[in-house]
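Asks: Dropping a structure here in C-alpha cells format, bear with me for questions.
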Amino acid sequence: MEAARGGGLKALVRSNWRNAVLVCRKCEKKLDGGFGPDGDVRLAKALKRHLSLKKGRKAAAGIVEVSCLGVCPKGAVTVVNGAASREWLLVQPGADLDILAQTLGLAPAEHR
C-alpha cells in the first residue's frame, strides 16, 4: 500500500461492499421496467430495494448500472457478478429476486 501512495495515487477510499454487481443500463432501458412487485421498476433498483441496501459505499454490496456490456439479449438484462466475472447472467423480467440474489452471492436482508 505504501508503494501505491508514493506512485502518485490518491489516498484510498474504503467501502462496505462485499460484492459488486454490474447491471447493463442499455438492457434495462430496452425492457422499460419488468422487475419489482408491480413489474414497473428497473432491475438494479428492484434488487437494491429487495436487499434493503443502503446507498453508495456504505451499502453491504454495490449494484452499479453500467453502459452497454455488449451482449444485448432480447427480453433480458445482462448482469455480471464482480466476484465471478467469467459467467454473466441474462435475467428475464419477473425473475425471482431471491434466487437472483443467491446466484450473485448476495443474501437478502432477513437472511444476514
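Asks: Which numbered condition in (1) farther than 22 Å from S15 by Cα; (2) part of a helix (DSSP H, G or I); (3) free of Cβ contacts under 8 Å to residues at least 40 places away in the same chain is the only one that Q102 fails?
Replies: The one condition Q102 does not meet is (1).
Asks: Oh, and also: Given the conditions (1) free of Cβ contacts under 8 Å to residues at least 12 places away in the same chain; (2) part of a helix (DSSP H, G or I); (3) within 21 Å of K30 (Cβ to Cβ), which single one is not true for K74?
Replies: Of the numbered conditions (1) free of Cβ contacts under 8 Å to residues at least 12 places away in the same chain; (2) part of a helix (DSSP H, G or I); (3) within 21 Å of K30 (Cβ to Cβ), the odd one out for K74 is (2).
Asks: I need every pair where a residue in region 1-29 that is under 20 Å from A84 (Cα atoms) and small (G, A, S) has its Cβ under 6 Å from the Cβ of a residue that is surrounded by fewer than 16 Cβ atoms within 10 Å (Cβ to Cβ) and modelled with pLDDT of 90 or more, sequence separation at least 6 or different chains.
Replies: Qualifying pairs under 6 Å: S15/R57; A20/G82.
Conditions (1) aliphatic (A, V, I, L, M); (2) assigned to a helix (DSSP H, G or I); (3) touching a Cys at 6+ places or on another chain (Cβ under 7 Å), marked per residue:
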site: K54; (1), (2), (3): no, no, no
site: R57; (1), (2), (3): no, yes, no
site: I63; (1), (2), (3): yes, no, no
site: L69; (1), (2), (3): yes, no, yes
site: L106; (1), (2), (3): yes, no, no
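Asks: Also: Under the condition of being at pLDDT 90 or above and assigned to a helix (DSSP H, G or I), which residue from region 1-40 is surrounded by the fewest Cβ atoms within 10 Å (Cβ to Cβ)?
Replies: Per the stated criteria, the residue is K29.
Asks: In contact (Cβ under 8 Å) with a residue 24 or more places away in the chain, assigned to a helix (DSSP H, G or I), out of contact with any helix residue (DSSP H, G or I) (no Cβ under 7 Å at 6 or more places or on another chain) and not β-branched (V, I, T): does that describe R49?
Replies: no
Asks: If you take the residues of region 84-108 that are surrounded by 13 or more Cβ atoms within 10 Å (Cβ to Cβ) and of a type in the set (G, A, S), which of them is farthest from R18 (Cα to Cα)?
Replies: Once the filter is applied, the top-ranked residue is A95.
The values are calculated or read from the model by the stated rules, or taken from the named source; none is laboratory data. A quick note: this is a predicted structure, and the numbers were derived from the prediction, not measured. Reconstructed Cβ throughout: ideal geometry from the backbone, glycine too, with neighbour counts over all protein chains shown.
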